[in-house]
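Structure first, commentary second.
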Amino acid sequence: MFAENLEKIRGQIAEAAARSGRSADCVTLIAVSKTHNPEAILEAVDAGQLLFGENRVQEARAKMPLLPSRVRWHLIGHLQSNKIRQALPAFERIHSMDTLALARETNRIAGELGLFPKVFLEINVAGESSKFGFTPDALRAGMEELLTLDRVAIDGLMTIPPYAPDAESSRRYFVRLRELRDRLASEFRVPLPELSMGMSGDFAVAVEEGATFVRIGTALFGERRGKAWKPPGPEVD
């Protein structure tokens, strides 16, 4: 089942990229494995998918030892400040750097650990009170300081648009993120090559609007479990 879904999604990414004059090679697929057990992830690995996105540090760290070392992990959920020390060595990228204070603390701990984490700045483009992320104005105000952090490498921007039943409703938010990225890159003379946007219901539109990473769970794995996966025995801290 996963292999069939993966082939279908890859085809849709390629078609969407072609519509915007881009190559599918410019788009990286993150399989969102939150709540799914290691057996389901291993099936995905056997199908050729090696990059996975997790929402919770603790859940991901419990799964990692049970899967092949070639598997790569991105943190796509909110990063709590008390989990930074556990997250930095575990994840290749963090998609949810959502405040200046969190970036400062990440930079400090990364220095202690001798790491140079790659991050996306999460932007709340719609101004939803229920979501994390910089507002565009707050990001612009804090950008100069963010760029002085010597340990944190800012790859680009990430967003989660408001829920909508049709994919086309998300397009304006993807456009806003791309335009914000372009303005910041020009104003601060810094490359921000990556855009992490698009999920199961709207990833094709996101690709059309410039996404370089798409985060897809349900369309690959099917409906997710209601609770985070936990291994038998003592929890990983």
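The values are calculated or read from the model by the stated rules, or taken from the named source; none is laboratory data. Being a predicted model, the structure only gives us computed values, none of them experimental. Every residue, glycine as well, gets a Cβ built from its backbone with ideal geometry; the counts of neighbours run over all protein chains shown.
Tell me, which residue of the stretch 114-131 that is at pLDDT 95 or above and more than 14 Å from P161 (Cβ to Cβ) is surrounded by the fewest Cβ atoms within 10 Å (Cβ to Cβ)?
The qualifying residue surrounded by the fewest Cβ atoms within 10 Å (Cβ to Cβ) is G114.
Using beta carbons and a limit of 6 Å, which pairs, at least six apart or on different chains, have the first residue in the stretch 41-63 and more than 17 Å from E92 (Cβ to Cβ) and touching a residue at least 12 places away in the same chain (Cβ under 8 Å) and the second one small (G, A, S) and assigned to a helix (DSSP H, G or I)?
A47/A3
Could you please find all residues in the stretch 197-225 being in contact with a helix residue (DSSP H, G or I) (Cβ under 9 Å, 6 or more places away or on another chain), at pLDDT 95 or above and small (G, A, S)?
Passing the criteria: G198, S200, G201, A204, A206, G210, A211, A219.
I'm trying to understand the selection: among the residues of the stretch 182-192, which are surrounded by 14 or more Cβ atoms within 10 Å (Cβ to Cβ) and in a helix (DSSP H, G or I)?
Within the stretch 182-192, L184, A185 qualify.
Six or more apart or on different chains, Cβ under 7 Å: which pairs go from a residue in the stretch 172-188 that's under 17 Å from F213 (Cβ atoms) to one that's in a helix (DSSP H, G or I)? Could you list them?
Matching pairs, first to second residue: F174/V205; F174/A206; L180/P136.
Just for the stretch 193-216: of the residues that are outside any loop (DSSP other than H, G, I, E, B) and among the aliphatic types (A, V, I, L, M), which one is surrounded by the fewest Cβ atoms within 10 Å (Cβ to Cβ)?
A204
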